[in-house]
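First comes the structure, then the notes that go with it.
Readers should treat all values here as calculations from the given coordinates under stated rules, not as data from a laboratory. All values reported here derive from a predicted model rather than from experimental measurement. Every residue, glycine among them, receives a Cβ derived from its backbone with ideal geometry; neighbour counts consider all protein chains shown.
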Amino acid sequence: MSQGRGSAVVAAAAVLCLLIALNSEVAQAATYKVGGAGGWAFNVAGWPKGKNFKAGDVLLFSYTKGAHNVVVVNKAGYDSCKAPSNAKVYSSGKDQIKLVKGKNFFICTFPGHCASAMKIAVTAT
């Protein structure tokens, strides 16, 4: 009789865990390839439009190493296409950057690239 009761307790616990899992919102970070199939390239400034980004989501900047870079800047750097001397520069060609809550700004600092709309501004909630 004790074994039957033990099995019933295990089964009830399993059902309870399943119900909790089904009713809870599990937040998982999404990964977005910047620029879509074309990757990090010219004229990507409009790419974030219509997307709902969350803090913790990851942006994948895919490009030919040595042809571009990705630099995290503030709004002034984004608007002026100039990065401060202490800015974080990514240059692997497969850069993965986690979004922080609020405004996130990225530019390419190769000459003329940012001016050719190789920059994005992303707001994460």
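The set of residues in the stretch 25-71 being in contact (Cβ under 8 Å) with a residue 40 or more places away in the chain and of a type in the set (Phe, Trp, Tyr) consists of Trp40, Phe42, Trp47, Phe53, Phe61. Being surrounded by fewer than 13 Cβ atoms within 10 Å (Cβ to Cβ), more than 21 Å from Lys98 (Cβ to Cβ) and among the aliphatic types (A, V, I, L, M) is a property that does not hold for Ala41. Condition first: under 19 Å from Lys33 (Cα atoms), surrounded by 15 or more Cβ atoms within 10 Å (Cβ to Cβ) and in contact with a helix residue (DSSP H, G or I) (Cβ under 8 Å, 6 or more places away or on another chain). Can you find one or more residues in the stretch 112-121 that meet it? Looking through the stretch 112-121, at least one residue is under 19 Å from Lys33 (Cα atoms), surrounded by 15 or more Cβ atoms within 10 Å (Cβ to Cβ) and in contact with a helix residue (DSSP H, G or I) (Cβ under 8 Å, 6 or more places away or on another chain). When residues in the stretch 47-71 are screened for being over 18 Å from Lys33 (Cβ atoms) and β-branched (Val, Ile, Thr), 1 of them pass. Being part of a loop (DSSP other than H, G, I, E, B), under 20 Å from Cys114 (Cβ atoms) and of a type outside the set (Lys, Arg) is not true of Val72. Checking the stretch 92-104 against the condition returns a match, with at least one residue being farther than 21 Å from Gly38 by Cα and in contact with a helix residue (DSSP H, G or I) (Cβ under 7 Å, 6 or more places away or on another chain).
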